[in-house]
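The values are calculated or read from the model by the stated rules, or taken from the named source; none is laboratory data. Every value quoted in this text rests on a predicted model; they were computed, and no experiment measured them. Cβ placement follows ideal geometry from the backbone for every residue including glycine, while neighbour counts extend to all protein chains displayed.
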Amino acid sequence: MAIILGIESSCDDTSAAIIKDGVIGSNVVANQTVHEQYGGVVPELASRAHQQNIIPVVDQAIKRANITKEDISAIAFTRGPGLLGSLLVGTSFAKGFSTALNIPLIDINHLQAHVLAHFIKEDASDESHPAFPFLCLLVSGGNSQIIRVDDFNKMEIVGQTIDDAAGEAFDKCAKVMGLPYPGGPVVDKLATLGDSEKFRFNKPRIDGYDYSFSGLKTSFLYFLRDELKNDADFIEKNKEDLCASLQKTIIDILMDKLRKAAIDYDIREVAVAGGVSANSGLRQSFVDHAKQYGWNIHIPKFEYTTDNAAMVAIAGYYKYLAKDFCDKSVTPYARATI
Ligand code: KG4
């Protein structure tokens, strides 16, 4: 049996997971609440919190999977992209642990791991994973991409944002409305109570499959500034409708390009991944597209939408099968593509 320990420390979540022959054994995540008061992730505080969390989190992951550290076949860790100081903690830990246990080390691209989260099995009979080739909409706080996936290690970016990511659009517009950080989940919740047709915001006109969200953020800001001149309570009175209309606009922008890619590439196997894939409106839009366009859709469990080590471990499992290991001199990278 191949037992992979996954380590994830690219941003503000410290996570460790065990995957046994592709089946989830444990997935432990320590969230860092220290950043909330600053309205965003503070890199140095994130690195320090990873240092505090990493050993207890790995310990828990091993215990919950009912194994001992000697049972582990290989260690997979997120090499990048992400915050360098945060990545260094996970990378150094993985190197040290693999040296102590004398087992292979596997470096993982965080973006590929998000895509491969769809292959995590809940039990040995779970065959719900996407079939190759499929399209994956990867939407998070740092990314908005349409990825064509031909195999575990063969992925190609078909379209991507030229400025802000979808998660940033949610978070920045939420901030303008005075909502707490991160704004995405708050907007989602308020949107369920509002009218999504009440306000209209401009959608970008860009060729191909690329995205742009900075214009939406600016037009949202100017719209509120003008309305607030007439009524100082405008945001408070319209919060739900503003959230519903904003959310609909972001989802429409995402799905218009994804639908175009699905048609042009003639692919109906379609997945979504990343933090924004937790959004209830986006999930519903996937269900609607499945009905209307005959898509076979793949929506991750909530625990695999945000940063987690289970996705790192499953990506590591497939690299382990391919004997694709890395050297102990490997260093993390802050920026990378797929
Ligand atoms: O993948 P992720 O955990 O990490 C980063 O890339 O940073 O994504 C976090 C992003 C944040 O922008 C957050 O606001 C957004 O995902 N997000 C959501 C929802 N849950 C998380 N956006 C909209 N609706 C949600 N329910």
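Checking the structure you have, find out if any residue of segment 175-192 is within 16 Å of the ligand (Cβ to nearest atom), without any contact (Cβ under 8 Å) to a residue 40 or more places away in the chain and closer than 29 Å to Ile157 by Cβ. Scanning segment 175-192 turns up at least one residue that is within 16 Å of the ligand (Cβ to nearest atom), without any contact (Cβ under 8 Å) to a residue 40 or more places away in the chain and closer than 29 Å to Ile157 by Cβ. Residues of segment 1-31 that are within 12 Å of the ligand (Cβ to nearest atom), of a type outside the set (D, E, K, R) and in a loop (DSSP other than H, G, I, E, B): Ser10, Cys11.
Considering every residue within segment 258-272, establish whether at least one is assigned to a loop (DSSP other than H, G, I, E, B), without any contact (Cβ under 8 Å) to a residue 12 or more places away in the chain and under 21 Å from Asp150 (Cβ atoms). Yes, segment 258-272 contains at least one residue that is assigned to a loop (DSSP other than H, G, I, E, B), without any contact (Cβ under 8 Å) to a residue 12 or more places away in the chain and under 21 Å from Asp150 (Cβ atoms). Only residues that are assigned to a helix (DSSP H, G or I) and without any contact (Cβ under 8 Å) to a residue 12 or more places away in the chain were counted across segment 86-122, and they come to 3. Give the residues of segment 273-300 that are in contact (Cβ under 8 Å) with a residue 60 or more places away in the chain and within 16 Å of the ligand (Cβ to nearest atom), sorted by residue number. Ala273, Gly274, Gly275, Val276, Ser277, Ala278, Asn279, Ser280, Gly281, Leu282, Pro300 - these are the residues of segment 273-300 that are in contact (Cβ under 8 Å) with a residue 60 or more places away in the chain and within 16 Å of the ligand (Cβ to nearest atom). Filtered by the rule that a residue be surrounded by 23 or more Cβ atoms within 10 Å (Cβ to Cβ), closer than 19 Å to Lys319 by Cα and in contact with a strand residue (DSSP E or B) (Cβ under 7 Å, 6 or more places away or on another chain), segment 114-148 gives His114, Val115, Ala117, Ile120.
Determine whether Ile72 is touching a Lys or Arg at 6+ places or on another chain (Cβ under 8 Å) and of a type in the set (A, V, I, L, M, F, W, C). The answer is no for Ile72. Residues in segment 159-176 that are of a type in the set (A, V, I, L, M, F, W, C) and buried (at least 21 other Cβ atoms within 10 Å of the Cβ): Ala165, Ala166, Ala169, Phe170, Cys173, Ala174.
Output the residue which, of all residues in segment 1-12 that are at pLDDT 95 or above and more than 13 Å from Ala313 (Cβ to Cβ), is surrounded by the fewest Cβ atoms within 10 Å (Cβ to Cβ). So, considering only residues that are at pLDDT 95 or above and more than 13 Å from Ala313 (Cβ to Cβ), the one surrounded by the fewest Cβ atoms within 10 Å (Cβ to Cβ) is Met1.
Taken over segment 13-33, the criterion of being surrounded by fewer than 21 Cβ atoms within 10 Å (Cβ to Cβ), closer than 20 Å to Ala322 by Cβ and β-branched (Val, Ile, Thr) is satisfied by Val23 alone. For segment 140-170, what are the residues that are in contact with a Ser or Thr (Cβ under 6 Å, 6 or more places away or on another chain) and part of a strand (DSSP E or B)? If the condition is that a residue be in contact with a Ser or Thr (Cβ under 6 Å, 6 or more places away or on another chain) and part of a strand (DSSP E or B), then Ser144, Thr161 are the ones that fit.
Taken over segment 323-338, the criterion of being among the hydrophobic types (A, V, I, L, M, F, W, C) and within 15 Å of Ile103 (Cα to Cα) is satisfied by Phe325, Cys326.
Given the condition outside any loop (DSSP other than H, G, I, E, B) and either within 25 Å of Lys260 (Cβ to Cβ) or modelled with pLDDT of 95 or more (or both), answer yes or no: does some residue in segment 190-203 qualify? Yes, some residue in segment 190-203 is outside any loop (DSSP other than H, G, I, E, B) and either within 25 Å of Lys260 (Cβ to Cβ) or modelled with pLDDT of 95 or more (or both). Within segment 308-317, does at least one residue satisfy the condition of being in contact with a strand residue (DSSP E or B) (Cβ under 7 Å, 6 or more places away or on another chain), in a strand (DSSP E or B) and more than 12 Å from the ligand (Cβ to nearest atom)? Checked against the condition, which is being in contact with a strand residue (DSSP E or B) (Cβ under 7 Å, 6 or more places away or on another chain), in a strand (DSSP E or B) and more than 12 Å from the ligand (Cβ to nearest atom), segment 308-317 yields no hits at all. Between Ile250, Ile263, the distinction of being surrounded by fewer than 22 Cβ atoms within 10 Å (Cβ to Cβ) and either closer than 21 Å to Thr161 by Cβ or out of contact with any Pro (no Cβ under 7 Å at 6 or more places or on another chain) (or both) belongs to Ile263 only. Hey, among Lys291, Lys248, Lys260, which residue is under 30 Å from Gly178 (Cα atoms) and of a type in the set (Lys, Arg)? Just a single option satisfies the conditions, and that option is Lys248.
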